[in-house]
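The values are calculated or read from the model by the stated rules, or taken from the named source; none is laboratory data. The structure displayed is predicted, hence computed values, not measured ones. Cβ sites come from the backbone with ideal geometry, for glycine too, and all protein chains shown count toward neighbours. The protein model used for the area step is the full one, side chains on, heavy atoms only, and it has no ligands, DNA or RNA in it. Shrake-Rupley method; radii C 1.70, N 1.55, O 1.52, S 1.80 Å.
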Amino acid sequence: MSAPATPLLYRASVLSRVLAAAVGGYAVARGFAVCAAWWLPQSRSEAVLTATLLAFVVYATTAIWVFSVRRAWQAWVGVVLACLVLAGLAALGASR
Amino acid sequence: MKDGFRQRMAWLHTWAGLVAGWLLFAMFVTGTLAVFRPEINQWMRPDQAVTRVSEGEAIDAADRYLRQHAADAARWFIRLPNPRDGVLEMYWATRDGEWHDALLDPGTLRPSVQRATLGGEFFYRFHFELQMPYPWGRWLASFAAMVMLVVLVSGIVTHRRFFKDFFTFRPRKAAQRAWLDAHNALGVLALPFHLVITLSGVITLMALTMPAALDARYGADSDAFYRERGGEPPVLPRSGVDRPLPSLRPLAEAARRHWPDSAIGTIVVGAPGDANARVTVLQADNAQLRIRGAAVVFDGATGRLLDVMNAPRAAALTHDVLYGLHTARFAGGGLRWLYFLCGVLGSLMIASGLVLWAIKRRQRETKASRPTFGTRLVEVLNVAAVAGLPLAIAAFFWSNRLLPVGLADRAQVEVWCFFGAWALSGVHAACARPRTVWLVQLRLGAAAFALLPLLSALTTRQNLFQAIMRGQGVEAGFELAALAFAAMLAWSAHKLRPARAPTAIATRIEPAPRTLREEAP
């Protein structure tokens, strides 16, 4: 990275992305796992396994996506939105 | 963050790779050694003499031993001898949940080992527990593996032209170019291996790291999940009604009819001597790609066959195959060496990436008289991780031969030697002159591995020459591998020797090669 104009702000934005990728990404993966476990048209144990296996792909994809957008706040918006949608779908699936 | 998708991916690859690189290097190297866990065990226990017995005799021996020593245990776990490892291993849990083990000669039922050592088990454990208390090491290892996955994918995006890159190697060009080319070639050469081993590594620990789906569908009743998914030996709580456990051998023979072509791997007995006893006989794990083969469950009170588990459904099968691909227990001799080689390539890929980072940074800072603290830290950690780990491994093997056999806590002292040598390497890297640390440590490592066969010949009754002559594949293979490793370290030392003048790092002007077209970075 070239020398940033505002080091502190730049560092904060990097830290923010790291958190969005590591913690936010895990939250999205977890949300996906629960959601898929309820909605996949498989038997209970199979749905749980499929959901858990795919959750790691979701985690990696989310983390990469967080670092691919232009601004750190965009990453957070995406992560929070994904969590909300997945949580909603999971709740819906659980109450089916 | 830089503009442009690929630039951002390159940034991610560089920084995530750096931060996780040291740990990942250690995990890759020790994991690679774990491929030969039983063989390392055998070399580290030169005084171990194991009687070769038939499968049935081994089962009888275990049966006899456990009835005598663990009659009221909650669970028995019998791992039968196999061609790679002739020791009869038994574990049992008392009713308080305390685990015990016995590693015995199946012929004599006496302890098989005089020389206490963790052997290859140490590398296997370290590569996912990192010598940390449960569950923190497993969490950290899983997280590092997730970072590895991200680094691999962002690396592929960054080196989009990687098939072209693969045929580009400019060893005599500037140091940075050569390292970059080596890093790319190593990464691409075994890319499918790197991806599969990383993802499957994460998956082996998924019950710990991603329990959300299971919790959502099963709540606290995870036993129900394992019952429904199948393949798991059932263990019921004790009923309190005593029933004598039937002899295990006839049950094992009945189970074996379901897989006449392969051996029995393990036998699990839940609640032995109780009316709720269950005996599960499992197929050897080298018989199929998936981590667990067929399993037959018997009622441990009546001897009645209850269940044959041999057809996992799609998702369970996917999980079991991914797990099996990671552990490579299915692999025969040739394939095991291929796993080992790919693991070495992966380790070198990580090491070259770390070195590349430091070289690039140094070049940017040539104008400054002293490197910044960050660059210096990276350089020290690079030496400690990449050159220090081989030293630590060598110290582990040396201590195995040099420590007195009767020493108290001997197995643990070997582990201390491992970490002691590693710590010394770190101190040396931090304190000695930066230009020579690589050279000193790599050469020391090369010497330590080169002298290992000699040390072994002087301290045990076996030697490399004899091992080759007698066709003792494991002993000969181990020591020849040590010599090859010494050669690799010596060669690395040669490559990393400090340039005579700082200008040598800068790009030299050379005529353009005729066959390979230069590409702008």
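If the Cβ limit is 6 Å and pairs must be 6+ apart or interchain, which residue in the range B:67-92 that is of a type in the set (Val, Ile, Thr) pairs with which residue that is assigned to a strand (DSSP E or B) and at pLDDT 95 or above?
The qualifying pairs are B:78/B:90; B:78/B:267.
Quick one: residue B:468 ticks every box in (1) open to solvent by 50 Å² or more (accessible area, probe 1.4 Å); (2) touching a helix residue (DSSP H, G or I) at 6+ places or on another chain (Cβ under 6 Å); (3) part of a loop (DSSP other than H, G, I, E, B) except a single one, so which number is it?
(3)
For the range B:430-446, indicate whether the set of residues that are open to solvent by less than 70 Å² (accessible area, probe 1.4 Å) and at positive phi is non-empty.
No, there is no match, as no residue in the range B:430-446 is open to solvent by less than 70 Å² (accessible area, probe 1.4 Å) and at positive phi.
Would you confirm whether any residue within the range B:147-169 is at pLDDT below 85 and among the aliphatic types (A, V, I, L, M)?
No, every residue in the range B:147-169 fails to be at pLDDT below 85 and among the aliphatic types (A, V, I, L, M).
Taking the range B:349-371 on its own, how many of its residues are within 20 Å of the chain's Cα centre (by Cα) and either under 23 Å from residue B:39 (Cα atoms) or among the small types (Gly, Ala, Ser) (or both)?
Result for the range B:349-371: 1.
Examine the range B:368-382 for a residue that is touching a Gly at 6+ places or on another chain (Cβ under 9 Å), part of a helix (DSSP H, G or I), buried (at least 17 other Cβ atoms within 10 Å of the Cβ) and not polar (S, T, N, Q), and state whether such a residue exists.
Checked the range B:368-382: at least one residue is touching a Gly at 6+ places or on another chain (Cβ under 9 Å), part of a helix (DSSP H, G or I), buried (at least 17 other Cβ atoms within 10 Å of the Cβ) and not polar (S, T, N, Q).
Looking only at the range B:452-465, how many residues end up being outside any helix (DSSP H, G or I) and either acidic (Asp, Glu) or open to solvent by less than 60 Å² (accessible area, probe 1.4 Å) (or both)?
Counting residues in the range B:452-465 that are outside any helix (DSSP H, G or I) and either acidic (Asp, Glu) or open to solvent by less than 60 Å² (accessible area, probe 1.4 Å) (or both) gives 3.
Kindly indicate whether residue B:419 is surrounded by fewer than 19 Cβ atoms within 10 Å (Cβ to Cβ), under 19 Å from the mean Cα position of the chain (by Cα) and not charged (D, E, K, R).
Yes, satisfied.
So, residue B:185, is that one assigned by TED's automatic domain parsing to the domain that holds residue B:20 and touching a Pro at 6+ places or on another chain (Cβ under 7 Å) or not? Don't jump to the end; show me each part of the working.
Details: assigned by TED's automatic domain parsing to the domain that holds residue B:20: yes; touching a Pro at 6+ places or on another chain (Cβ under 7 Å): no.
In short, no.
Count, please, the residues in the range B:310-324 that happen to be more than 10 Å from every other protein chain (Cβ to nearest Cβ) and surrounded by fewer than 20 Cβ atoms within 10 Å (Cβ to Cβ).
Counting residues in the range B:310-324 that are more than 10 Å from every other protein chain (Cβ to nearest Cβ) and surrounded by fewer than 20 Cβ atoms within 10 Å (Cβ to Cβ) gives 4.
Search the range B:209-223 for residues being open to solvent by less than 70 Å² (accessible area, probe 1.4 Å) and more than 31 Å from the chain's Cα centre (by Cα), and hand back the single one that is farthest from the other protein chains (Cβ to nearest Cβ). Quick ask: steps written out before the conclusion?
Filtering the range B:209-223 down to residues open to solvent by less than 70 Å² (accessible area, probe 1.4 Å) leaves B:209-214, B:216-219, B:222.
The next check asks that each one be more than 31 Å from the chain's Cα centre (by Cα); those that pass are B:216-219.
Numbers: B:216: 4, B:217: 5, B:218: 7, B:219: 11 Å.
Only one residue fits best here, namely B:219.
Are any of the residues in the range B:341-348 open to solvent by less than 20 Å² (accessible area, probe 1.4 Å) and modelled with pLDDT under 95?
no
Just one of the numbered conditions (1) buried (at least 16 other Cβ atoms within 10 Å of the Cβ); (2) away from every other protein chain (no Cβ under 14 Å) is not true of residue B:241; which one?
Failed condition: (1).
Go through the range A:44-89 residue by residue and tally those that are more than 7 Å from chain B (Cβ to nearest Cβ) and either open to solvent by 10 Å² or more (accessible area, probe 1.4 Å) or touching a strand residue (DSSP E or B) at 6+ places or on another chain (Cβ under 7 Å) (or both).
25
For the range B:297-335, which positions are closer than 18 Å to residue B:276 by Cα and in a loop (DSSP other than H, G, I, E, B)?
Across the range B:297-335, the qualifying residues are B:300, B:301, B:302, B:303, B:304.
Mind counting the residues in the range B:185-203 that are away from chain A (no Cβ under 11 Å) and within 19 Å of the chain's Cα centre (by Cα)?
So the answer is 7.
What tally of residues in the range B:202-237 results from selecting those that are over 16 Å from residue A:46 (Cβ atoms) and of a type in the set (D, E, K, R)?
3
State all residues of the range A:24-43 that are within 14 Å of residue B:146 (Cβ to Cβ) and within 8 Å of chain B (Cβ to nearest Cβ); if no residue qualifies, say none.
A:29, A:30, listed by residue number.
Of all the residues that make up the range B:430-451, how many are touching a residue at least 60 places away in the same chain (Cβ under 8 Å) and outside any helix (DSSP H, G or I)?
0
Hand me the list of helices (runs of 4 or more DSSP H) wholly inside the range B:166-270 holding 1 or more residues that are in contact (Cβ under 8 Å) with a residue 40 or more places away in the chain and of a type outside the set (Gly, Ala, Ser).
On the way: elements: B:175-189, B:191-204, B:206-209, B:212-218, B:222-229, B:248-256.
Ranges flagged: B:175-189, B:191-204, B:206-209, B:222-229, B:248-256.
Could you tell me whether the range B:286-298 includes any residue that is under 30 Å from residue B:181 (Cβ atoms) and either free of Cβ contacts under 8 Å to residues at least 12 places away in the same chain or surrounded by fewer than 17 Cβ atoms within 10 Å (Cβ to Cβ) (or both)?
No, the conditions are met nowhere in the range B:286-298.
Scan the range B:132-143 and report the pairs whose first residue is within 14 Å of chain A (Cβ to nearest Cβ) and touching a residue at least 60 places away in the same chain (Cβ under 8 Å) and whose second residue is of a type in the set (Gly, Ala, Ser) and assigned to a loop (DSSP other than H, G, I, E, B), with Cβ atoms within less than 8 Å and a gap of 6+ or a chain change.
Close Cβ pairs (under 8 Å, with a partner that is of a type in the set (Gly, Ala, Ser) and assigned to a loop (DSSP other than H, G, I, E, B)) do not exist here.
Quick one: residue A:12 ticks every box in (1) at pLDDT below 95; (2) of a type in the set (A, V, I, L, M); (3) part of a helix (DSSP H, G or I); (4) open to solvent by 70 Å² or more (accessible area, probe 1.4 Å) except a single one, so which number is it?
Residue A:12 satisfies all of (1) at pLDDT below 95; (2) of a type in the set (A, V, I, L, M); (3) part of a helix (DSSP H, G or I); (4) open to solvent by 70 Å² or more (accessible area, probe 1.4 Å) except (4).
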